[in-house]
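The values are calculated or read from the model by the stated rules, or taken from the named source; none is laboratory data. All of these numbers come straight from a predicted model, not from anything done at the bench. Using ideal geometry, Cβ is built from the backbone for each residue, glycine included, and neighbour counts are taken over all protein chains shown. The area values use the complete protein model at the heavy-atom level, side chains included, leaving out ligands, DNA and RNA. Shrake-Rupley method; radii C 1.70, N 1.55, O 1.52, S 1.80 Å.
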Amino acid sequence: MYSGQATVVGNVIRGFFNDPGVTAAQKSRVYQALQNASQAVQNAKTEGTAVGTAKAQVAAVSVLKDVAAEMKNNPDQIVQQEAAALEVASEAVVVAAEAKVSVETAKEAVAAAQQVAADAAAAGDTETAAQAQQAAQDAAVATQQAQQQADAAENLANQAVVVAMNTANVNATQNLADAATRQAGNATTTATTATTTICTLV
């Protein structure tokens, strides 16, 4: 369905459905969320844009939040502890995925600025061409930095999920989730600044 978090998220979902203590109603709710995520992925494939794909990945990883919510209803205290940790991790996973949307949006803005520069140059408007090209170059550097930050956020968020499911240690999960959220915030800010700069200058 999606890349990046596929292995980590997939293992969580598999474990959830294999849990004999999970009711049919709980499974149905999570299954519905999976169907919705799958439809979002298919729509993104049809649309064929990187931004659309990134948004579909947000829908896909958001299923983790549904899993955590249903696990909290389990009377087993151990499962409830796992749910508490997974809830923390799932928030970080979603924020990291949302950061990727900002990065892909910035990449589209860079491509648009490059096109403006090319069109202006072809029309003999050297001033606009130079301005657009410089904006594209500056934004491209910022976007690359945002990409690295978003990748780091995704990695930390995935680690948080693994810790949550393997140890149910809320504090350890929270530390990783906080680090992931900070990186995701940095990525979003950097990417948004790059996009805004291009919109202002081009």
Lys and Arg at +1, Asp and Glu at -1: add these up for the other residues within a Cβ distance under 13 Å of Arg29 and post the number. +1
Give the accessible surface of the chain per residue, rounded to a whole number of Å², with probe radius 1.4 Å and ligands, DNA and RNA excluded. 49 Å²
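Can you pull a Stokes-Einstein diffusion coefficient for the stretch 91-138 at 4 °C (1.567 mPa s), Rh from Kirkwood over Cα pairs, as a whole number of µm²/s?
On the way: Rh = 11.8 Å.
Diffusion coefficient, whole number: 110 µm²/s.
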Could you order peptides 98-111, 137-150 by the average number of other Cβ atoms within 10 Å of their residues, highest first? 98-111, 137-150
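Net charge within 11 Å of Thr173 by Cβ-Cβ distance, Lys/Arg positive one each and Asp/Glu negative one each, not counting Thr173 itself? Spell out each step's value before the answer.
Working: positive: none; negative: Glu82, Glu87, Glu91, Asp178.
Spelling it out: positives minus negatives among the neighbours equals -4.
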For the stretch 1-134, please report how many Lys pairs fall under 18 Å Cα to Cα, leaving out neighbours fewer than 8 apart on the same chain. 7
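Given a Förster distance of 35 Å, report the FRET efficiency between Asp76 and Cys199 from their Cβ-Cβ distance, rounded to the nearest 0.05. It would help to have the intermediate numbers written out before the result.
Working: r = 52 Å, r/R0 = 1.47.
Once the sixth-power term is evaluated, E becomes 0.10.
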Roughly speaking, what is the stretch gain from Ala118 to Gln32, that is 0.36 nm per residue apart minus the C-alpha to C-alpha distance, in nm to one decimal? 26.3 nm
For the chain, what is the charge dipole size about the Cα centre, in debye to the nearest 20, if Lys and Arg each add +1 at the Cβ and Asp and Glu each add -1 at the Cβ? 480 debye
So how far apart, in nm, are the two label points at Asp138 and Asn18 if each is 7 Å from Cα heading toward Cβ? 5.3 nm
Could the peptides 86-95, 12-21 be put in order, highest first, of the mean number of other beta-carbon atoms found within 10 Å of their residues? 86-95, 12-21
Quick check on the stretch 10-52: take the gyration tensor over C-alpha atoms, sort the square-rooted eigenvalues as a ≥ b ≥ c, and tell me if it's rounded (a/c under 1.5), prolate or oblate. prolate
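Which net charge results for the neighbourhood of Glu87, defined as the other residues with beta-carbon distances under 15 angstrom from its beta-carbon, given Lys and Arg at +1 and Asp and Glu at -1? Mind dumping the intermediate values first?
Working: positive: Lys65, Lys72; negative: Asp66, Glu70, Glu82, Glu91, Asp178.
After counting each charged neighbour, the total is -3.
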For the chain, calculated [θ]222 nm from helices alone, where every DSSP H run of n ≥ 4 adds -39500 (n - 2.57): -31500 deg cm²/dmol
Value of D in µm² per second that Stokes-Einstein yields for the stretch 1-119, Kirkwood Rh from Cα pairs, at 20 °C (1.002 mPa s): 138 µm²/s
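Using only alpha carbon positions, build the gyration tensor of the stretch 57-202, then give the equivalent ellipsoid semi-axes as the square roots of 5 times its eigenvalues, largest first, whole angstrom. Show your work: numbers first, answer last.
Numbers: eigenvalues 359, 30, 13 Å².
Three semi-axes, in Å: 42, 12, 8.
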I need the peptides 31-39, 62-70 ranked by packing, meaning the mean over residues of other C-beta atoms within 10 angstrom, with the highest value on top. 62-70, 31-39
